[in-house]
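In what follows, a structure is listed as C-alpha coordinates, so that the remarks can point back to it.
The values are calculated or read from the model by the stated rules, or taken from the named source; none is laboratory data. Given the structure is predicted, the values throughout are model-derived calculations rather than measurements. When we count neighbours, we look across all protein chains shown, and the Cβ atoms used for this are built from the backbone with ideal geometry, even at glycine.
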Ligand code: ADP
Ligand code: MG
(Lines give C-alpha, C1' and ligand atoms only; values in the text may rest on other atoms or scores of the structure.)
(Ligands and ions follow the chains in the order given, each with its own letter.)
Protein backbone atom coordinates (compact mmCIF):
# COMPACT_ATOMS: atom_id res chain seq x y z
CA UNK A 1 0.00 0.00 0.00
CA UNK A 2 1.18 3.56 -0.56
CA UNK A 3 1.25 5.58 2.58
CA UNK A 4 3.81 8.27 1.81
CA UNK A 5 1.53 11.21 1.14
CA UNK A 6 -1.01 10.84 3.91
CA UNK A 7 -0.95 12.25 7.41
CA UNK A 8 -0.16 9.42 9.79
CA UNK A 9 -2.71 8.37 12.40
CA UNK A 10 0.07 8.32 14.98
CA UNK A 11 3.34 10.15 14.72
CA UNK A 12 6.14 9.77 17.26
CA UNK A 13 9.07 12.17 17.15
CA UNK A 14 12.32 12.05 19.11
CA UNK A 15 10.69 10.16 21.99
CA UNK A 16 12.90 9.76 25.03
CA UNK A 17 11.99 7.72 28.09
CA UNK A 18 13.92 7.25 31.32
CA UNK A 19 13.54 5.16 34.46
CA UNK A 20 14.74 6.71 37.69
CA UNK A 21 16.58 4.73 40.28
CA UNK A 22 17.35 6.75 43.38
CA UNK A 23 19.02 9.91 42.13
CA UNK A 24 20.10 8.50 38.80
CA UNK A 25 17.98 8.67 35.69
CA UNK A 26 18.53 5.88 33.21
CA UNK A 27 17.48 6.73 29.66
CA UNK A 28 16.20 3.65 27.82
CA UNK A 29 14.61 5.24 24.72
CA UNK A 30 17.05 7.59 23.04
CA UNK A 31 14.89 9.43 20.53
CA UNK A 32 12.38 7.26 18.68
CA UNK A 33 10.72 8.33 15.40
CA UNK A 34 7.78 6.24 14.25
CA UNK A 35 4.72 6.78 12.03
CA UNK A 36 1.64 4.58 11.82
CA UNK A 37 -0.79 5.23 8.99
CA UNK A 38 -4.48 4.34 8.85
CA UNK A 39 -4.98 0.70 8.06
CA UNK A 40 -1.29 -0.03 8.38
CA UNK A 41 0.22 -2.79 10.48
CA UNK A 42 3.62 -1.81 11.84
CA UNK A 43 5.73 -4.36 13.69
CA UNK A 44 8.44 -3.44 16.15
CA UNK A 45 11.02 -6.19 16.37
CA UNK A 46 14.14 -6.48 18.46
CA UNK A 47 15.67 -8.60 21.16
CA UNK A 48 14.52 -8.61 24.75
CA UNK A 49 15.41 -5.35 26.49
CA UNK A 50 15.61 -3.29 23.31
CA UNK A 51 12.75 -0.98 24.37
CA UNK A 52 9.73 -2.40 22.51
CA UNK A 53 7.39 -2.57 25.51
CA UNK A 54 8.61 0.79 26.78
CA UNK A 55 7.67 2.35 23.44
CA UNK A 56 4.22 0.72 23.53
CA UNK A 57 3.45 1.69 27.10
CA UNK A 58 4.73 5.25 26.57
CA UNK A 59 2.17 5.72 23.79
CA UNK A 60 -0.71 4.87 26.14
CA UNK A 61 0.85 6.60 29.14
CA UNK A 62 1.19 3.37 31.08
CA UNK A 63 4.94 3.29 31.69
CA UNK A 64 5.70 0.98 34.60
CA UNK A 65 7.39 2.06 37.83
CA UNK A 66 9.46 5.22 37.61
CA UNK A 67 9.29 5.36 33.82
CA UNK A 68 8.54 8.75 32.32
CA UNK A 69 8.79 10.60 29.02
CA UNK A 70 11.70 13.04 29.09
CA UNK A 71 11.39 14.42 25.58
CA UNK A 72 9.68 14.29 22.22
CA UNK A 73 6.08 14.00 21.12
CA UNK A 74 3.44 11.34 20.43
CA UNK A 75 0.78 12.86 18.20
CA UNK A 76 -2.53 11.07 17.53
CA UNK A 77 -4.67 12.92 15.00
CA UNK A 78 -3.29 16.32 16.01
CA UNK A 79 -3.24 15.73 19.79
CA UNK A 80 0.07 15.33 21.60
CA UNK A 81 -0.64 12.47 23.99
CA UNK A 82 2.32 13.38 26.20
CA UNK A 83 0.48 16.58 27.22
CA UNK A 84 -2.76 14.91 28.32
CA UNK A 85 -3.98 14.43 31.86
CA UNK A 86 -4.49 10.93 33.16
CA UNK A 87 -8.26 11.21 32.75
CA UNK A 88 -7.97 12.47 29.18
CA UNK A 89 -5.57 9.66 28.37
CA UNK A 90 -7.96 7.11 29.86
CA UNK A 91 -10.66 8.26 27.47
CA UNK A 92 -8.32 7.97 24.50
CA UNK A 93 -7.32 4.50 25.67
CA UNK A 94 -10.95 3.46 25.99
CA UNK A 95 -11.97 4.83 22.62
CA UNK A 96 -9.15 5.41 20.15
CA UNK A 97 -6.35 3.11 21.21
CA UNK A 98 -6.76 -0.49 22.30
CA UNK A 99 -3.83 -1.76 24.29
CA UNK A 100 -2.92 -5.40 24.83
CA UNK A 101 -0.15 -5.41 27.42
CA UNK A 102 2.62 -7.99 27.41
CA UNK A 103 1.89 -9.68 30.72
CA UNK A 104 -1.61 -11.19 30.82
CA UNK A 105 -1.33 -12.10 34.51
CA UNK A 106 -0.64 -8.67 35.93
CA UNK A 107 -3.09 -6.88 33.67
CA UNK A 108 -6.35 -8.57 34.54
CA UNK A 109 -7.98 -7.75 37.83
CA UNK A 110 -8.15 -11.01 39.85
CA UNK A 111 -11.29 -10.05 41.77
CA UNK A 112 -13.45 -9.20 38.76
CA UNK A 113 -14.98 -11.70 36.38
CA UNK A 114 -13.62 -11.78 32.85
CA UNK A 115 -17.02 -10.69 31.57
CA UNK A 116 -17.13 -7.69 33.87
CA UNK A 117 -13.71 -6.53 32.66
CA UNK A 118 -14.60 -6.91 29.01
CA UNK A 119 -17.93 -5.15 29.58
CA UNK A 120 -16.22 -2.28 31.40
CA UNK A 121 -14.08 -1.72 28.32
CA UNK A 122 -17.18 -1.74 26.11
CA UNK A 123 -19.07 0.67 28.38
CA UNK A 124 -16.06 3.00 28.63
CA UNK A 125 -16.17 3.39 24.90
CA UNK A 126 -19.93 3.84 24.73
CA UNK A 127 -20.31 1.78 21.57
CA UNK A 128 -22.91 -0.35 23.31
CA UNK A 129 -25.12 0.80 26.15
CA UNK A 130 -28.06 -1.41 27.19
CA UNK A 131 -27.25 -4.40 29.41
CA UNK A 132 -28.19 -6.94 26.76
CA UNK A 133 -26.32 -5.10 24.04
CA UNK A 134 -23.15 -4.84 26.14
CA UNK A 135 -23.37 -8.54 26.95
CA UNK A 136 -23.85 -9.46 23.32
CA UNK A 137 -20.84 -7.37 22.32
CA UNK A 138 -18.72 -8.91 25.12
CA UNK A 139 -19.48 -12.42 23.88
CA UNK A 140 -18.74 -11.31 20.34
CA UNK A 141 -15.29 -9.88 21.11
CA UNK A 142 -14.35 -12.94 23.18
CA UNK A 143 -15.38 -15.22 20.31
CA UNK A 144 -13.49 -13.05 17.84
CA UNK A 145 -10.37 -13.54 19.92
CA UNK A 146 -10.84 -17.29 19.57
CA UNK A 147 -12.21 -18.06 23.04
CA UNK A 148 -14.45 -21.11 22.91
CA UNK A 149 -17.60 -21.24 25.04
CA UNK A 150 -17.50 -17.47 25.52
CA UNK A 151 -20.98 -17.22 27.04
CA UNK A 152 -20.05 -19.40 30.01
CA UNK A 153 -16.53 -17.97 30.28
CA UNK A 154 -17.92 -14.48 30.89
CA UNK A 155 -18.75 -15.47 34.45
CA UNK A 156 -15.35 -16.93 35.28
CA UNK A 157 -12.43 -15.21 36.96
CA UNK A 158 -8.83 -14.80 35.72
CA UNK A 159 -7.52 -17.62 37.94
CA UNK A 160 -9.89 -20.01 36.16
CA UNK A 161 -8.28 -19.14 32.83
CA UNK A 162 -5.12 -20.65 31.38
CA UNK A 163 -2.34 -18.29 30.27
CA UNK A 164 -3.49 -18.48 26.68
CA UNK A 165 -7.10 -17.80 27.63
CA UNK A 166 -6.06 -14.77 29.68
CA UNK A 167 -4.17 -13.47 26.70
CA UNK A 168 -7.29 -13.86 24.58
CA UNK A 169 -9.33 -12.05 27.22
CA UNK A 170 -6.85 -9.16 27.12
CA UNK A 171 -7.04 -9.05 23.34
CA UNK A 172 -10.83 -8.93 23.65
CA UNK A 173 -10.54 -5.98 26.01
CA UNK A 174 -8.20 -4.25 23.58
CA UNK A 175 -10.64 -4.78 20.73
CA UNK A 176 -13.82 -4.10 22.69
CA UNK A 177 -13.80 -0.42 21.92
CA UNK A 178 -13.35 -0.89 18.19
CA UNK A 179 -10.23 1.31 18.36
CA UNK A 180 -8.49 3.19 15.55
CA UNK A 181 -5.20 1.79 16.71
CA UNK A 182 -4.58 -1.54 18.38
CA UNK A 183 -1.26 -1.86 20.19
CA UNK A 184 -0.47 -5.48 20.92
CA UNK A 185 2.68 -6.27 22.88
CA UNK A 186 3.76 -9.86 22.16
CA UNK A 187 0.06 -10.76 21.98
CA UNK A 188 0.55 -14.35 20.97
CA UNK A 189 3.79 -15.33 22.66
CA UNK A 190 1.96 -17.49 25.23
CA UNK A 191 -0.25 -19.18 22.65
CA UNK A 192 0.19 -22.28 20.55
CA UNK A 193 0.60 -21.83 16.82
CA UNK A 194 -3.01 -22.60 15.91
CA UNK A 195 -4.46 -20.05 18.33
CA UNK A 196 -1.77 -17.56 17.29
CA UNK A 197 -3.06 -17.86 13.77
CA UNK A 198 -6.70 -17.35 14.79
CA UNK A 199 -5.85 -14.16 16.63
CA UNK A 200 -3.50 -12.73 14.04
CA UNK A 201 -6.02 -13.54 11.29
CA UNK A 202 -8.63 -11.68 13.29
CA UNK A 203 -6.36 -8.64 13.58
CA UNK A 204 -5.71 -8.80 9.85
CA UNK A 205 -9.43 -8.91 9.07
CA UNK A 206 -9.96 -5.86 11.29
CA UNK A 207 -7.38 -3.84 9.42
CA UNK A 208 -8.93 -4.92 6.14
CA UNK A 209 -12.58 -4.32 7.09
CA UNK A 210 -12.42 -1.38 9.45
CA UNK A 211 -9.12 0.22 8.55
CA UNK A 212 -7.82 -0.37 12.08
CA UNK A 213 -4.11 0.33 12.42
CA UNK A 214 -2.03 -2.14 14.39
CA UNK A 215 1.24 -1.76 16.23
CA UNK A 216 2.40 -5.33 16.65
CA UNK A 217 5.28 -5.88 19.02
CA UNK A 218 7.15 -9.12 18.69
CA UNK A 219 10.60 -10.59 19.06
CA UNK A 220 9.72 -12.90 16.15
CA UNK A 221 10.99 -11.46 12.88
CA UNK A 222 9.29 -14.18 10.82
CA UNK A 223 5.92 -13.34 12.37
CA UNK A 224 6.52 -9.63 11.75
CA UNK A 225 7.41 -10.24 8.13
CA UNK A 226 4.30 -12.35 7.63
CA UNK A 227 1.88 -9.95 9.30
CA UNK A 228 3.15 -6.38 9.03
CA UNK A 229 3.35 -3.87 6.19
CA UNK A 230 6.25 -2.13 7.86
CA UNK A 231 8.96 -3.42 10.16
CA UNK A 232 10.76 -1.23 12.66
CA UNK A 233 13.92 -2.73 14.13
CA UNK A 234 14.92 -1.65 17.63
CA UNK A 235 18.18 -2.19 19.41
CA UNK A 236 19.24 -0.74 22.74
CA UNK A 237 16.59 1.96 22.81
CA UNK A 238 17.09 3.12 19.25
CA UNK A 239 15.48 2.38 15.90
CA UNK A 240 18.29 1.07 13.76
CA UNK A 241 16.25 0.47 10.61
CA UNK A 242 12.69 0.58 9.31
CA UNK A 243 10.92 -0.01 6.04
CA UNK A 244 8.54 -2.25 4.11
CA UNK A 245 8.61 -5.74 5.60
CA UNK A 246 9.86 -7.46 2.48
CA UNK A 247 12.73 -5.02 2.04
CA UNK A 248 13.82 -5.46 5.62
CA UNK A 249 13.76 -9.22 5.23
CA UNK A 250 15.36 -9.43 1.79
CA UNK A 251 17.78 -6.56 1.94
CA UNK A 252 18.58 -5.58 5.52
CA UNK A 253 20.96 -2.62 5.69
CA UNK A 254 21.99 -2.41 9.32
CA UNK A 255 24.38 -5.04 10.72
CA UNK A 256 22.03 -5.65 13.64
CA UNK A 257 19.11 -6.35 11.28
CA UNK A 258 21.35 -8.56 9.17
CA UNK A 259 22.11 -10.61 12.27
CA UNK A 260 18.40 -10.84 13.16
CA UNK A 261 17.52 -11.96 9.65
CA UNK A 262 20.32 -14.52 9.64
CA UNK A 263 19.14 -15.90 12.99
CA UNK A 264 15.46 -16.11 11.99
CA UNK A 265 14.28 -19.67 11.33
P1 LIG B 1 11.56 -5.17 25.41
O2 LIG B 1 10.09 -5.01 25.48
O3 LIG B 1 12.12 -4.87 24.04
O4 LIG B 1 12.03 -6.51 25.89
P5 LIG B 1 11.60 -3.16 27.49
O6 LIG B 1 10.96 -1.99 26.89
O7 LIG B 1 10.81 -3.99 28.42
O8 LIG B 1 12.25 -4.08 26.34
O9 LIG B 1 12.92 -2.69 28.28
C10 LIG B 1 13.77 -1.68 27.77
C11 LIG B 1 14.73 -1.24 28.87
O12 LIG B 1 13.99 -0.57 29.90
C13 LIG B 1 15.50 -2.37 29.52
O14 LIG B 1 16.81 -1.94 29.75
C15 LIG B 1 14.75 -2.58 30.82
O16 LIG B 1 15.62 -3.03 31.81
C17 LIG B 1 14.24 -1.18 31.14
N18 LIG B 1 13.01 -1.25 31.94
C19 LIG B 1 11.83 -1.77 31.52
N20 LIG B 1 10.89 -1.69 32.49
C21 LIG B 1 11.51 -1.13 33.56
C22 LIG B 1 11.10 -0.77 34.89
N23 LIG B 1 9.84 -0.99 35.32
N24 LIG B 1 12.03 -0.20 35.71
C25 LIG B 1 13.29 0.03 35.29
N26 LIG B 1 13.75 -0.27 34.06
C27 LIG B 1 12.88 -0.85 33.20
MG1 MG C 1 8.64 -6.41 26.02
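Only one residue in 51, 39, 78 is within 15 Å of ligand 1 (Cβ to nearest atom) and either within 20 Å of the chain's Cα centre (by Cα) or surrounded by fewer than 13 Cβ atoms within 10 Å (Cβ to Cβ) (or both). Which one?
Only one candidate qualifies: 51.
Looking at 146, 98, 126, which is the one that is touching a residue at least 40 places away in the same chain (Cβ under 8 Å), on the phi > 0 side of the Ramachandran plot and in contact with a helix residue (DSSP H, G or I) (Cβ under 8 Å, 6 or more places away or on another chain)?
When all the criteria are applied, what remains is 146.
Show the residue pairs meeting these rules: Cβ distance below 9 Å; 6+ apart or different chains; first residue within region 42-62 and under 16 Å from residue 261 (Cβ atoms); second residue within 6 Å of ligand 1 (Cβ to nearest atom).
Note: pairs meeting the criteria are 44/50; 44/51; 44/52; 45/52; 46/52.
Hey, residue 175 hits all of (1) at pLDDT 85 or above; (2) part of a helix (DSSP H, G or I); (3) within 24 Å of residue 53 (Cβ to Cβ) but one; which does it fall short on?
Status for residue 175: all satisfied but (1).
Being part of a loop (DSSP other than H, G, I, E, B) and modelled with pLDDT of 85 or more is true for just one of 170, 182, 108. Which residue is that?
108
Determine whether residue 29 is part of a strand (DSSP E or B) and in contact (Cβ under 8 Å) with a residue 24 or more places away in the chain.
So residue 29 passes the test.
Identify, please: which residue in region 211-227 is in contact with a strand residue (DSSP E or B) (Cβ under 7 Å, 6 or more places away or on another chain), within 16 Å of ligand 1 (Cβ to nearest atom) and in a loop (DSSP other than H, G, I, E, B) and is, among those, modelled with the lowest pLDDT?
219
Show the residue pairs that are 6+ apart or on different chains and have beta-carbon atoms under 6 Å apart, the first residue being within region 251-265 and under 17 Å from residue 48 (Cβ atoms), the second being modelled with pLDDT of 95 or more and not in a helix (DSSP H, G or I).
256/235; 256/240; 257/233; 257/241
Considering only residues that are within 16 Å of ligand 2 (Cβ to nearest atom) and in a loop (DSSP other than H, G, I, E, B), which ones fall in region 46-95?
46, 47, 48, 49, 50, 51, 60, 62, 63, 64, 65, 67
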